[in-house]
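A short write-up of the structure that comes next.
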Amino acid sequence: MTTTDNKITPVLLAGGAGSRLWPVSRDQLPKQFQPLVGSFSTYQQTLKRVSDRSLFDVPKVITSNDFRFFAKRQAEDIGTSVDIILEPVRRDSAAAMAAAALIAERDSPGGLVMALAADHIILDEDKFNKAVMLGRKSALDGNIVVFGLPPTEPQTSYGYISPGTPLGEDIDLRCVNAFVEKPNAETAIGYLEKGYLWNSGNFLFRSDRMISEFRIYAPEILSAVERSIERSEIDLGFRRLDQESFEACPKDSIDYAVIEKTKKIAVVRGHFRWSDVGSWDAIWAVADKDDCNNAIEGDGLTVNSNGCLVHSNGLTTTVVGANNLVVVSTKDAVLVVPKSQAQEVKGLVEHLKLSGRGEITNRHKRAYSPWGYAEEMLIGERFGVKRIVIDPGCRTSLQRHINRAEHWIVVGGTATVTIGTKNTIIAENESIYVPVGQPHRIANQGRIPLELIEVRTGAYIGDDDVVRIEDDFTRVENETSLA
């Protein structure tokens, strides 16, 4: 039975990583939360795409515990409310899709759900909405609708869809003859000649239909996710799925588990521009380009160059006399690779990890916490310097360190500092010293961001030298947030 409210509930799948987009995408801040093309992250762009409340309901976001505050912050930054669901461990897209369908069914039985990858780029919003409206009736009729795109090249990193006969007057809505996996170059050329579509991996369906298909084709996944939802808890506004139940869920993609097996399937041929931005050459393909076919994101410059991508995050980056090159710079790493070998970046990341350079693939110099962020400025053998920014009304955890002392200098705003049992107000251009082992915290009770410089000194200055005594955000000692 279908609900009378035909608003679509968007569900953003935002828990994955993207090692092919290193050094911008890293384990602790992956590509969906990064501004890869334009000033907004792909996650924020996806939220903006489903912001029409006459068509879409409040979005649900499925992500991991490590990204929960960042997902919330980025949504708030663009004025969007979201319901965030936390996966305790990664179990691929089938488990996330099952959770999306089950939670949506609880809220609105038989309602429409649109599952969207938060790390994709979709341009031409009017054409996107037209495709959604075309697929809407088919989804209400009980089909799982997948969105396919006409290929612009024989891409070997995408799956393909063989479209069948039209399902009505509009020839852009068809049944699906077959799904095919990522082909080699020769096979991909044949797919283009036969009118195959790229599989975007974004779906529109009724929640009860997706649940029934899981019950037929992937009952173990459905049962495990059902238990994890039944035992879930609300923690600081986040729905935290039960870890033990979720860990028992088999790992599988939604394509293998359900989509390639179900008979209740249709495809909409979309006319919007789309990319899963899985590699730097894909970023170049969708980015705006100059007269020489160069794409520049950030502080970059090309001279006598053609077909290059320059992506700069914090460093002036210049390219002279180069063709078809990707140059990516962050504050602590630089990548230079021919566009034709952009897929090999994933292997580079694995090599860095195996060679003991895991820290460079794991985190950025700027690390975000629920209260603000901290940015590494300088680090030596027994000292480190950071810039710390605390949002208005927020405070760090009450904590102590075993091996280091800290010196704080306020450069903007006013800090309320707790050391031991004493509270002290520290104004701009003032400083304070925190001895080794003393419980301490910083609070910003003002209306503007609090900015300070932290100097750490001691035998060991690593971020894991922290014992949390009290925390507003219920974090544990080894969680990635810094303070």
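Scanning the stretch 270-286 for residues that are part of a loop (DSSP other than H, G, I, E, B) and either more than 19 Å from the chain's Cα centre (by Cα) or among the polar types (S, T, N, Q) (or both) yields a total of 5.
Please go through the stretch 135-172 and give me each residue that is among the polar types (S, T, N, Q), loosely packed, with under 15 Cβ neighbours inside 10 Å and closer than 15 Å to residue 265 by Cβ, ordered by number. If the condition is that a residue be among the polar types (S, T, N, Q), loosely packed, with under 15 Cβ neighbours inside 10 Å and closer than 15 Å to residue 265 by Cβ, then 165 is the only one that fits. Only residues that are acidic (Asp, Glu), modelled with pLDDT of 95 or more and part of a loop (DSSP other than H, G, I, E, B) were counted in the stretch 171-218, giving 1.
Selection over the stretch 159-205 of residues that are among the hydroxyl-bearing types (Ser, Thr, Tyr) and without any contact (Cβ under 8 Å) to a residue 24 or more places away in the chain gives a count of 2. In the stretch 214-244, the qualifying residues are those that are touching a Lys or Arg at 6+ places or on another chain (Cβ under 7 Å) and open to solvent by 10 Å² or more (accessible area, probe 1.4 Å), and the one that is farthest from residue 94 (Cα to Cα) is 233. Does the stretch 306-339 hold any residues that are hydroxyl-bearing (Ser, Thr, Tyr) and within 25 Å of the chain's Cα centre (by Cα), and which are they? 312, 329, 330 - these are the residues of the stretch 306-339 that are hydroxyl-bearing (Ser, Thr, Tyr) and within 25 Å of the chain's Cα centre (by Cα). Residues in the stretch 17-30 that are outside any loop (DSSP other than H, G, I, E, B) and open to solvent by 10 Å² or more (accessible area, probe 1.4 Å) were compared, and the one that is modelled with the highest pLDDT is 20.
When residue 440 is tested against (1) out of contact with any His (no Cβ under 8 Å at 6 or more places or on another chain); (2) open to solvent by 30 Å² or more (accessible area, probe 1.4 Å); (3) more than 15 Å from residue 372 (Cβ to Cβ), just one condition goes unmet, and that condition is (2). Of the residues making up the stretch 33-45, those that are open to solvent by less than 10 Å² (accessible area, probe 1.4 Å) and in contact with a strand residue (DSSP E or B) (Cβ under 8 Å, 6 or more places away or on another chain) are 36, 42, 43.
Under 7 Å between Cβ atoms, at least 6 apart or on separate chains: pull out the pairs that start in the stretch 297-319 with a residue that is closer than 14 Å to residue 38 by Cα and end on any residue that is aromatic (Phe, Trp, Tyr) and surrounded by 19 or more Cβ atoms within 10 Å (Cβ to Cβ). Pairs that qualify, where the first residue is closer than 14 Å to residue 38 by Cα and the partner is aromatic (Phe, Trp, Tyr) and surrounded by 19 or more Cβ atoms within 10 Å (Cβ to Cβ), are 309/280; 309/284. Sort out which residues of the stretch 46-57 are under 19 Å from residue 15 (Cα atoms) and open to solvent by 40 Å² or more (accessible area, probe 1.4 Å), and write them in order of number. Correct list: 48 only.
Scanning the stretch 61-73 for residues that are open to solvent by less than 20 Å² (accessible area, probe 1.4 Å) and not small (Gly, Ala, Ser) yields a count of 5. Please verify whether the stretch 245-266 includes one or more residues that are polar (S, T, N, Q), part of a helix (DSSP H, G or I) and open to solvent by less than 40 Å² (accessible area, probe 1.4 Å). There is at least one residue in the stretch 245-266 that is polar (S, T, N, Q), part of a helix (DSSP H, G or I) and open to solvent by less than 40 Å² (accessible area, probe 1.4 Å).
Per-residue answers, yes or no, for (1) under 30 Å from residue 310 (Cβ atoms); (2) part of a helix (DSSP H, G or I); (3) modelled with pLDDT under 90:
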site: 2; (1), (2), (3): no, no, yes
site: 15; (1), (2), (3): yes, no, yes
site: 32; (1), (2), (3): yes, yes, no
site: 43; (1), (2), (3): yes, yes, no
site: 51; (1), (2), (3): no, no, no
site: 90; (1), (2), (3): no, no, yes
site: 94; (1), (2), (3): no, yes, no
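Output the residues belonging to the stretch 296-319 that are of a type in the set (A, V, I, L, M, F, W, C), buried (at least 17 other Cβ atoms within 10 Å of the Cβ) and within 25 Å of residue 365 (Cα to Cα).
Listed by number, the residues that qualify are 296, 309, 310, 319.
When the stretch 443-462 is filtered for residues that are open to solvent by 40 Å² or more (accessible area, probe 1.4 Å) and assigned to a loop (DSSP other than H, G, I, E, B), the ones remaining, listed by number, are 445, 447, 448, 449, 459, 460.
Filtered by the rule that a residue be open to solvent by less than 60 Å² (accessible area, probe 1.4 Å) and out of contact with any strand residue (DSSP E or B) (no Cβ under 9 Å at 6 or more places or on another chain), the stretch 370-392 gives 370, 380.
Screening residue 110 on (1) in contact with a strand residue (DSSP E or B) (Cβ under 6 Å, 6 or more places away or on another chain); (2) open to solvent by 20 Å² or more (accessible area, probe 1.4 Å) shows it passes everything except condition (2).
Applying a threshold of 7 Å to beta carbon distances and a minimum spacing of six or more residues, or different chains, the list of pairs starting in the stretch 6-20 at a residue that is without any contact (Cβ under 8 Å) to a residue 24 or more places away in the chain and ending at one that is open to solvent by 10 Å² or more (accessible area, probe 1.4 Å) and of a type in the set (Asp, Glu) reads 17/27.
Does the stretch 115-126 contain any residue that is over 21 Å from the mean Cα position of the chain (by Cα) and at pLDDT 95 or above? Scanning the stretch 115-126, I find no residue that is over 21 Å from the mean Cα position of the chain (by Cα) and at pLDDT 95 or above, so the answer is no. Scan the stretch 412-430 for residues that are exposed (fewer than 15 other Cβ atoms within 10 Å of the Cβ) and in a strand (DSSP E or B) and jot them down. Those that are exposed (fewer than 15 other Cβ atoms within 10 Å of the Cβ) and in a strand (DSSP E or B): 412, 422, 423, 424, 425.
Taking the criterion of being within 29 Å of residue 410 (Cα to Cα), small (Gly, Ala, Ser) and free of Cβ contacts under 8 Å to residues at least 12 places away in the same chain, the only residue of the stretch 332-389 that qualifies is 380.
Look at the stretch 448-459: where a residue is at negative phi and a partner is acidic (Asp, Glu) and in a strand (DSSP E or B), sitting 6+ places away or on another chain with Cβ atoms under 6 Å, you get 454/406; 456/406.
The values are calculated or read from the model by the stated rules, or taken from the named source; none is laboratory data. Only a predicted model underlies this, so the values are computations on that prediction, with no experimental measurement involved. Using ideal geometry, Cβ is built from the backbone for each residue, glycine included, and neighbour counts are taken over all protein chains shown. The area values use the complete protein model at the heavy-atom level, side chains included, leaving out ligands, DNA and RNA. Shrake-Rupley method; radii C 1.70, N 1.55, O 1.52, S 1.80 Å.
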